[in-house]
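Participant: My questions will all concern the structure given below.
Nothing in this text is a laboratory measurement; each read-out follows from the coordinates by a stated rule. Small disclaimer: the values here were computed from a predicted structure and weren't measured. Positions of Cβ are generated from backbone atoms using ideal geometry, with glycine treated the same way; all protein chains shown enter the neighbour counts.
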Amino acid sequence: MKKTLLLTCMLLLSAISIYAQTRTVTGRVVSADEPEGIPGVNILVKGSTVGTATDIDGRYSISVNSPDDILVFSFIGYNTQEIRVANRSEVSVTLVSDTRALGEVIVVGYGEQDRRTLTSAISSIRGKDVENVPIVSPDQFLQGRAPGVVVNSESGEPGGGMNIRIRGTTSITGNSDPLYVIDGVPIISNNLAASTFGQPVNPLADLNPADIESMEILKDASATAIFGARAANGVVLITTKRGQTGKPVVNISMYAGISEPWRDPNRLRVDGPTFERLQNESRRNNWVDRFGSLEALNPAGQAYSDPFPNPDQAIDTNWLDEIFQTGSIRNLDASVAGGDEKIKYFVSANNFFQEGLVRPADFERSSARMNLDFMVTPRLKIGTSATYSVNTRNRALNGNAIEGALSTAFFYPSNFPVFNEDGTYFRPFWENPVAVANETDYLMKTTRIIGSVFADWEIADGLVFRSTWSIDNNLVEEDRYFNTFLAAGAALNGSAQSFVTRSNNWINENVLTFQRDFGNNNINILLGNTLQENQFLRTQAFGQGFPSNSFKRIESAAVKNASSTGTSWGIASFFTRVNYGFKGKYLFTANMRADASSRFGADNRWGYFPSIAGAWRMVDEGFMENLRSTVSDLKIRASYGLTGNQGGIGDFQALGLWGGMRGGLNLGGVGQPSGPASYVDAPGIAPNQLANPDLKWETTAQFNIGLDVGLWSDRLTLTFDYYDKQTRDLLLNVPVPKSLGFSILTQNFGEMQNRGFELGINASIIEKQDFTWNANFNVSRNNNLVTRLAFPFSTFTRDYVRVEEGYPLNSFWVHVQEGVDPQTGDIIWDTMGDEEFNPNVHRQIFGTAIPRYVGGFTNTLNYKNWDLMAFFQFSEGNNTLNYGRFFFEHGGERATGYTTQQLDRWQQPGDITDVPRMASRNYSADLRPSRHVEDGSFLRLKNLSLGYTIPSPISSRVGIGRARVYGMAQNLITWTNYTGLDPEVSTSPSNLVSGVDIAVMPQPRTYTLGVNLTF
């Protein structure tokens, strides 16, 4: 009995001991990509059979016996994690996607495709990779992040234009911007402002970047030919976020900050006393050159005297400080997404505001988006994507405007006062820069609706029909008032302009897709057609003579005038694509698209754009089996095809046109130049354009060969492409005999080529539980060359830019300066073998704005709850024409201001410099010295961010699923030899003019603090 009692007690004590060691651990498992619970995650106590799984919210509960127990979290598509329990009662985990286990699905034209089976050259950018970057428009995502894509900010004006080239410029006078397709809607991306007001605006700034899920850049003909007539410049596919099955997820993101010039503009400022000393020096040098010495008298018997006898007493006005400001920036995004098996939804709203560096520029956007997907039946889905945005711009006169605020701030010498004694603006010649900044009244408002509705009908297994109707409607209202404090307004007692522009675009697309596997064979066939029409309408009104500056509407003007204009164009298209794969390693793609455009004559209305591509997944071959532990992917691609461009001409360029005049008011439409048809003030018509029924599409033929490599389970991936693009039948104005009554006729004449390579490298350098380090690098080179041209021609002010056969576009035409004579201080010119220098003869092409290499480098590091991102952008080998030096390094030939480049002038024998002695012979108006063409290369720390994610046990206590706070700097540091304000911006950007800078508003350096909240 005693033995039995003793044994029972021992067993009871042992059970009590075991029970005391067993405890329950709870927690939640979320995704690093989307901070919401993951249902069905397997959780196992390592080395035992004890396990459980997460519920629909990602929560779990499990029993453990020891602090040394290790929990193993595993789920398909995510990296497995092992975590020691220790003394914690709650263990929450964030799982990271295993990109090597999941095939990357990317968007292609009219569908999706696994990247492993892709035969085309396509670069992808994920919205989450660039989230919270303080940018205005989605195209800024592309800067330095995709090989083969050159993106330059045309100015630092908020909402200002961007210059984007995919694999080079393919047209001379036509459009070279890529085609943008948002959720299947080809949108209007041209500038709709009636006046550039110094710089064009960016229509893509109407869109909220936070709504973007991904962007695909289609580059070779195999990828772009499905878009045919408008794809010669590449295609950018933008996919916005959509709802997913699960409970509603609410995201709120906010940031605010300030901006300043990344380079102090005062580094170029010459103060008042220095200005007067320079003017005195110039006067002395010219006197000696003309009369032999300062003691000599001029022919009128006058002795030399300094124009400014007391420079030390000169006033000093800092015009730059008067017009610059510290800008502010703020942004608020809110979205909710969710759904079930029947309906999925994504709804968002945004408000963005940014002030420019030069008063009074600012930009504000308010937008809303709704994306819906509804399963009517198991085989029928309908949906919609719609965005509505309203933005307003207070525009600053700047950029290529000679009377812009920034240009006049340099033109006005520092020894000028801001105001006269009576309080009016001091105005000796051009408009006073402070008046430009204070009195400019130009408001631009844009209202835009982009929307589509679609229906997907699965007719049978593998056979799907989709029909889509889309619109892109723009309403642009511009109101500008010149008050009487400005010279332009004072002369007319107030002057006003008003423009109302409408651009209405509708598209209908119908696509039938068939996909089926037959053993080792996979086939996908697509058939479709598109109908598109665009209408453009503009009404403009002018008024002058106002009762006072309190009345700004044209209704109050004493004299009024108005006109209206309009035009339209349309395209009808049919297209097909066939994708075939054998054993998943021999891949083939063929495209064909036929487009008919109303812009061309009846003889050549239709254009046909085929392409063919093939790829070999060598890694799947048997002879690679022993290498697969190292080589995880190896694919060779090749493609060839044709794409078109209709953007180089007006809407009715192929037709013979007649224009009408009455009372001096043009009654013709856009693209219809007015003719001298009025007679004794009576209405009439007259021919103003010759017909050319042979006019046809510009066509670009492109060959591409590429290589995709993955190493060590794709921890290191590499993509390389070489391309050769040949554009023919360029749409150009060609001279014709004047006996025809006209001097030019738009014809297909000219050829151009772009050749280059692209390299992209992605590396997962470190993958630890608490620390990861990912790096991305890309570099590309494009060689542009005009290979056939009817005649060479010059463009831009003073013929600084030249288009000539055998040279690239954007070439500068200057007098080549070989140096400055150290003994005399005069310029040594390249006379091209002649004895004497002649400025009318010895002018040469010298440098181009096209860079040799462009690219970017991104590092992303995560340590526990901390994240750090640094993104560098670079451009090498491009030249920038510092056109401001022509005006502000004038050697005393003008009474206007200087920039500090003039201080590097030659002053005495032995000086080594490229800025000559201040004398008329070196600074005459007919000289275009090559020293103004500078090295525009730069390396820029574009973005630097540091963030911290608050641990979920803390954030969940206040009902927040995920909370992240961060700080970011944009355009933080720039390394460059360029002496101007910004090597990236450009005056009057176009195909013909790029890389020219005269007082363009520089890009700002921006500092922001923000927070991301998920509920």
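Participant: Summing +1 for each Lys or Arg and -1 for each Asp or Glu, what net charge is found among the other residues whose Cβ lies under 15 Å from the Cβ of Arg379?
Facilitator: Computed value for this residue: -2.
Participant: List the aspartates and glutamates whose Cα lies under 13 Å from the Cα of Lys342, skipping any in the same chain that are fewer than 8 positions away.
Facilitator: Asp373
Participant: Full extension from Thr424 to Val288: what is 0.36 nm times the residue separation minus their Cα-Cα distance, to one decimal in nm?
Facilitator: Result: 45.0 nm gained on full extension.
Participant: Let's test the formula: R0 of 25 Å, r as the Cβ-Cβ distance of Thr913 and Arg798. What FRET efficiency results, to the nearest 0.05?
Facilitator: 0.55
Participant: Could you give the Stokes-Einstein D for region 21-95 in µm² per second, using the C-alpha Kirkwood radius, 25 °C, 0.890 mPa s?
Facilitator: After rounding, the answer is 202 µm²/s.
Participant: Determine Rg/Rh for region 272-315; Rg is computed over alpha-carbon atoms and Rh is the Kirkwood hydrodynamic estimate from the same atoms.
Facilitator: 1.04
Participant: Related question: With 10 angstrom as the radius, rank Leu718, Leu218 by how many other C-beta atoms surround their C-beta, starting from the fewest.
Facilitator: Leu718, Leu218
Participant: To continue, here is another question. Check Thr979: other-chain or 5+ apart residues with amide H under 5 Å from its amide H, H built from backbone geometry?
Facilitator: Under 5 Å from the amide H of Thr979 lies no amide H from a residue far enough along the sequence or on another chain.
Participant: Take the alpha carbon gyration tensor of region 43-189, find the square roots of its eigenvalues, order them as a ≥ b ≥ c, and report rounded if a/c is under 1.5; if not, report prolate when a/b exceeds b/c, else oblate.
Facilitator: prolate
Participant: Right, next: Which aspartates and glutamates have a Cα less than 16 Å from the Cα of Lys560, not counting those fewer than 8 places away in the same chain?
Facilitator: Straight-distance partners of Lys560: Asp479.
Participant: Something else: Could you give the length gained on full extension between Ser598 and Asp57, defined as 0.36 nm per residue of separation minus the Cα-Cα distance, in nm?
Facilitator: Answer, rounded to one decimal: 189.2 nm.
Participant: In addition: If each residue's Cβ is checked for other Cβ atoms within 10 Å, how do Leu642, Leu527 rank with the fewest at the top?
Facilitator: So the residues, fewest neighbours to most, are Leu527, Leu642.
Participant: What distance in nm separates the simple spin-label points at Lys864 and Lys128, each placed 7 Å from Cα in the Cβ direction?
Facilitator: Distance between label points: 2.3 nm.
Participant: Which of the GluC sites (Glu not before Pro) found in region 319-373 are in a DSSP loop and have at most 15 neighbouring Cβ atoms, other than their own, within 10 Å?
Facilitator: Answer in residue order: Glu341.
Participant: Work from the charge dipole of region 21-95 (Cβ charges, +1 for Lys and Arg, -1 for Asp and Glu, about the Cα centre) and give the residue of Ala53, Gly37, Thr94 farthest towards its positive end.
Facilitator: Ala53
Participant: In Å and from the alpha-carbon atoms only, list the Rg and Dmax of region 869-929.
Facilitator: 15.6, 53
Participant: Report the dimensions of region 132-202 along its three principal axes from the alpha-carbon atoms, largest first, rounded to Å.
Facilitator: 35, 32, 24
Participant: With the cut-off at 20 Å, tell me which of the pairs Lys445/Lys552; Lys247/Lys344; Lys219/Lys725; Lys219/Lys381 have Cα atoms farther apart than that.
Facilitator: Lys219/Lys381
Participant: Assuming a ≥ b ≥ c are the square roots of the Cα gyration tensor eigenvalues, decide whether the chain counts as rounded (a/c under 1.5), prolate (otherwise, with a/b larger than b/c) or oblate.
Facilitator: Because a/c hits 1.5 or more and a/b exceeds b/c, the chain counts as prolate.
Participant: Across region 635-646, in residue order, what do the Karplus-derived ³J(HN,Hα) couplings come to in whole Hz, using 6.51 cos²θ - 1.76 cosθ + 1.60 with θ = phi - 60° and x for Gly and Pro?
Facilitator: Each residue's phi maps through the Karplus curve to give 9, 10, 10, 8, 8, 8, x, 10, 9, x, 8, 10 Hz.
Participant: Would you mind calculating the gained length between Leu903 and Ala455 on full extension (0.36 nm times residue separation, minus the Cα-Cα distance), in nm to one decimal?
Facilitator: Separation in residues times 0.36 nm, less the Cα-Cα distance, equals 154.5 nm.
Participant: If packing is taken as the mean number of other Cβ atoms within 10 Å per residue, what is the order of 449-460, 81-92, highest first?
Facilitator: 449-460, 81-92
Participant: Still on this structure, I have one more. Output the relative contact order of the chain, whole-number percent, from Cα pairs under 8 angstrom with separation of 6+ residues.
Facilitator: It comes to 11 percent, rounded to a whole number.
Participant: Using amide H atoms built 1.01 Å from N in the peptide plane, name the residues 5+ places from Asn879, or on other chains, whose amide H lies under 5 Å from its own.
Facilitator: Thr848, Ala849, Ile850, Gly936
Participant: With both partners inside the chain, how many of the DSSP beta bridges are antiparallel, as a percent to the nearest 5?
Facilitator: Looking only at bridges with both residues in the chain, the antiparallel portion is about 95 percent.
Participant: Convert 37 °C to kelvin, take the viscosity as 0.692 mPa s, use the Kirkwood radius over C-alpha pairs of region 794-935 as Rh, and evaluate the Stokes-Einstein diffusion coefficient in µm²/s, rounded to a whole number.
Facilitator: Diffusion coefficient, whole number: 187 µm²/s.
Participant: Suppose R0 equals 45 Å. What FRET efficiency, 1/(1 + (r/R0)^6) with r the Cβ-Cβ distance, do Ala368 and Asp826 give to the nearest 0.05?
Facilitator: It comes to 0.10.
Participant: Ranked by Cβ crowding within 10 angstrom, fewest neighbours first, how are Thr880, Thr795, Thr387 ordered?
Facilitator: Thr795, Thr387, Thr880
Participant: Rounded, prolate or oblate for region 818-865? Axes are the square roots of the Cα gyration tensor eigenvalues, ordered a ≥ b ≥ c, and the cut-off for rounded is a/c under 1.5.
Facilitator: Since a/c reaches 1.5 and a/b is larger than b/c, the shape of region 818-865 is classed as prolate.
Participant: Enumerate the lysines that Lys864 could reach by cross-link, defined here as Cα to Cα under 24 Å, with residues fewer than 8 away along the same chain left out.
Facilitator: Straight-line reach from Lys864, under 24 Å: Lys46, Lys128, Lys768.
Participant: Averaging over all projection directions, find the projected area of the Cα convex hull of region 506-635 and quote it in nm² with one decimal place.
Facilitator: Hull-based average projected area comes out at 17.0 nm².
Participant: Note down the nm distance, to one decimal, between modelled labels 7 Å out along Cα→Cβ at Leu946 and at Ala349.
Facilitator: According to this spin-label approximation, the distance is 3.5 nm.
Participant: Additional query: Which ³J(HN,Hα) values, rounded to whole Hz and listed in residue order, are derived for region 758-771 from phi using the Karplus coefficients 6.51, -1.76 and 1.60 in 6.51 cos²θ - 1.76 cosθ + 1.60 with θ = phi - 60°, glycine and proline given as x?
Facilitator: Coupling constants for region 758-771: 9, 9, x, 10, 10, 9, 9, 6, 10, 10, 10, 4, 9, 8 Hz.
Participant: Then there is this: May I ask you to derive the FRET efficiency for Trp506 and Ser629 from their Cβ-Cβ distance with R0 = 51 Å, giving the value to the nearest 0.05?
Facilitator: The formula returns an efficiency of 0.40 here.
Participant: State, to one decimal in nm, how far the label point of Glu876 lies from the label point of Ile954, with both points 7 Å from Cα in the Cβ direction.
Facilitator: 4.3 nm
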